[in-house]
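What follows is a single structure, written as structure tokens, with notes after it.
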Amino acid sequence: MTQYVGIIGYPLKHSISPLFQQAAFDRLGLDIRYETWETGTEGLGDVVERLRRPENLGANVTIPHKESVMTLLDRLEEPAGGIGAANVIAKTGLGLTGYNTDAVGFLRAMEEHGGFRARGGRVVLLGAGGAARAVAMALILAGVDSLTIINRALERARGLASHLAPSSTGGQWVTALPWDHQGLAQALSECNLVVNSTSIGMKHSPLEGRSPLDPGLLPRDALIYDLVYNPKVTPLLGQARQAGARTLGGLPMLVYQGVAAFELWTGKAAPVDIMFKAAERALET
Ligand code: NAP
């Protein structure tokens, strides 16, 4: 019997998950189809309920449903509950289980492709949206020394900082700052990792071609990690390279969150190289 996995979200036109996940199923000779299940708010309950059918293995969940989907599931596996968002659903013996693989994908990419270990890090996180929540929790649990969250809407940054407080230890310093030149300059001069989790620079968006930072503010000794994966070299990464800083784009995180999802659905080791090649090809087209 053919089995199915899909991505649930809206809009899904630019998602490359179907391409690299299908390439992985095909490489392992699995009779699994990865489908695009474009779903607005009103259809979310039905599409999640359909996952209970025997032919369905689970799903990826993306914007705008990562938070709202949690109440429709039977259980959550940490860190999804702590983050407050699930990006993967898999069927287990205990029913529909929600996971957050963005956190593990973020850390794995940073370590393996950026050569940066979180423990002891001094981090500036730009943005406080859905991706920032997973990144911030991953960094706190992995033992960074300090995390400065800077967001256009300051209240959102403050909300994220207080959300992290119960998970952080006394030795970790978490703060929220407004998006202004002075705050940015101070925080950036003291950090060794900058993560852009805003959508600034994203292809096919009104923010395409833009960088979140003034090039003069870029710390040369830090790793500049942009979660935006399309284009591969974002304006921020281009500036950082020119300044001589180390850089990391969002594609490895995207693939590694998918690797973790693949392994939850199938119980098999994912063909990581095949997934990278398919993802890179998808961005070229
Ligand atoms: P989101 O929840 O909509 O958050 C968007 C963030 O961008 C917010 O902090 C928002 O600030 C900020 N922002 C948007 N426009 C801005 C502007 N003009 N000036 C300053 N800040 C602005 O989106 P998300 O899910 O967190 O995704 C954010 C980005 O990360 C997207 O590009 C997405 O593709 C990428 N991402 C990548 C991966 C990966 O695996 N590589 C995974 C997840 C997400 P306000 O709060 O002030 O509006």
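The values are calculated or read from the model by the stated rules, or taken from the named source; none is laboratory data. Keep in mind that what you see is a predicted model, and the values were worked out from it rather than measured. Don't worry about glycine lacking a Cβ; one is built from the backbone with ideal geometry, like all the others, and counts go over all protein chains shown. Quick note on the areas: whole protein, heavy atoms, side chains included, nothing else; ligands and nucleic acids left out. Shrake-Rupley method; radii C 1.70, N 1.55, O 1.52, S 1.80 Å.
A simple packing score, the average count of other Cβ atoms within 10 Å per residue, orders the peptides 41-48, 151-158 as 151-158, 41-48, with the highest score first.
Once fully extended, how much extra length lies between Arg122 and Leu94, figured as 0.36 nm per residue of separation less the alpha-carbon to alpha-carbon distance? Don't jump to the answer; show the numbers that get you there.
Values: separation 28, 0.36 × 28 = 10.08 nm, distance 3.92 nm.
Residue separation times 0.36 nm, minus the Cα-Cα distance, leaves 6.2 nm.
Note on surface exposure: Ser199, Ser211, Ser17 rank Ser199, Ser211, Ser17 by accessible area, highest first, 1.4 Å probe. Accessible surface for Met202 stands near 80 Å², nearest 10, in the context of the full protein assembly shown (1.4 Å probe).
Ordered from largest to smallest accessible area (heavy atoms of protein chains, 1.4 Å probe), the residues Lys268, Lys91, Lys277 come out as Lys277, Lys268, Lys91.
Rolling a 1.4 Å probe over the heavy atoms of the protein chains gives region 181-285 an accessible area of 45 Å² per residue. For the residue pairs Lys203/Lys232; Lys66/Lys91; Lys13/Lys91, the alpha carbons lie more than 21 Å apart in Lys13/Lys91.
Here the calculated FRET efficiency for Glu38 and Glu111, from their Cβ-Cβ distance with R0 = 41 Å, stands at 0.75, rounded to the nearest 0.05.
Measuring with a 1.4 angstrom probe and ignoring ligands and nucleic acids, Trp179 comes out at about 80 Å² accessible. FRET efficiency for Arg53 and Asp31, Cβ-Cβ distance as r, R0 = 22 Å, nearest 0.05? Rounded to the nearest 0.05, the efficiency is 0.90.
How much length, in nm to one decimal, is gained on full extension between Tyr10 and Lys232, taken as 0.36 nm per residue of separation minus their Cα-Cα distance?
Working: separation 222, 0.36 × 222 = 79.92 nm, distance 2.27 nm.
Net length gain for the segment: 77.7 nm.
Inter-part distance, region 164-183 to region 117-150, computed on C-alpha centroids, equals 9 Å.
Scoring 245-252, 116-123, 191-198 by mean Cβ neighbours within 10 Å over their residues and listing the highest first yields 191-198, 245-252, 116-123.
Grab the DSSP H runs of the chain that are 4 residues or longer, score each as -39,500 (n - 2.57), total them, divide by all residues and round the 222 nm result to the nearest 500 deg cm²/dmol.
Numbers: 10 runs with 102 residues, N = 285.
Result for the chain, helices only: -10500 deg cm²/dmol.
Residues of region 29-60 falling in the label zone of Asp74, defined by backbone nitrogen less than 16 Å from a point 7 Å along Cα to beta-carbon, are 48-59.
Sorted by mean Cβ packing within 10 Å, highest first, what order do the peptides 60-72, 124-136 take?
124-136, 60-72
Considering only Pro231, Thr198, Ala243, and ranking their Cα positions along the charge dipole of region 117-261 that arises from unit charges at the beta-carbon of Lys, Arg, Asp and Glu, the one farthest toward the positive end is Pro231.
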